[in-house]
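Colleague: Pasting a structure below so you can have a look.
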Amino acid sequence: MLRELSEGERTISQLAQPFEMSLAAASKHIKALESAGLIRREVRGRTHVCHLDPGPMAGAHEWLTFYQQFWTGRLDTLERLLREADNAKQSPSPEGKRK
């Protein structure tokens with residue numbers, strides 16, 4: 001639903017459609033997103049129109065970026081160590097050579 005709202009405002013019916021869910025179920029999801037401060041809902045007559053509020057996502061993005069960098073660095077180090085260990089197994093040791 002957030003991805004859909006990133007492209008512009010949507011009604012609850014439009015948000016529910018791709019998920020083949022009832023309007024009641026979609027409304028529950030919308031209420032949860034509203035409670036989290038991720039979206040705003042505007043009532044136009046009998047239609048509820050939703051808008052994305054990207055502000056709170058900025059904090060989540062910052063947090064995720066930090067941990068992405070953290071784990072990328074750790075995984076790069078692990079990959080380097082595994083390659084070094086693999087290369088050490090493949091090259092003959094000096095003791096194993098005969099003169």
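Colleague: Restricting attention to region 23-44, which residues are β-branched (Val, Ile, Thr) and surrounded by 14 or more Cβ atoms within 10 Å (Cβ to Cβ)?
Modeller: ILE30, ILE39
Colleague: Then there is this: Could you say whether any residue in region 4-22 is loosely packed, with under 10 Cβ neighbours inside 10 Å, part of a helix (DSSP H, G or I) and of a type outside the set (A, V, I, L, M, F, W, C)?
Modeller: No, region 4-22 has no match at all.
Colleague: Let me ask something additional. Do you know which residues across region 33-64 are within 20 Å of GLU7 (Cα to Cα) and in a helix (DSSP H, G or I)?
Modeller: Across region 33-64, the qualifying residues are LEU33, GLU34, GLY55, PRO56, MET57, ALA58, ALA60, HIS61.
Colleague: Further question on the same structure: Which pairs do you get when a residue that is assigned to a helix (DSSP H, G or I), found in region 65-89, comes within reach of a residue that is of a type in the set (Lys, Arg) and surrounded by 10 or more Cβ atoms within 10 Å (Cβ to Cβ), reach meaning Cβ atoms under 6 angstrom, with the pair 6+ apart or on two chains?
Modeller: From region 65-89, no pairs qualify.
Colleague: Considering only residues that are more than 28 Å from LEU15 (Cβ to Cβ) and acidic (Asp, Glu), which ones fall in region 49-94?
Modeller: ASP76, GLU79, GLU84, ASP86
Readers should treat all values here as calculations from the given coordinates under stated rules, not as data from a laboratory. Note that this is a predicted model, so its numbers are computed, not measured. Note that we place each Cβ from the backbone using ideal geometry, even for glycine, and neighbour counts take in every protein chain shown.
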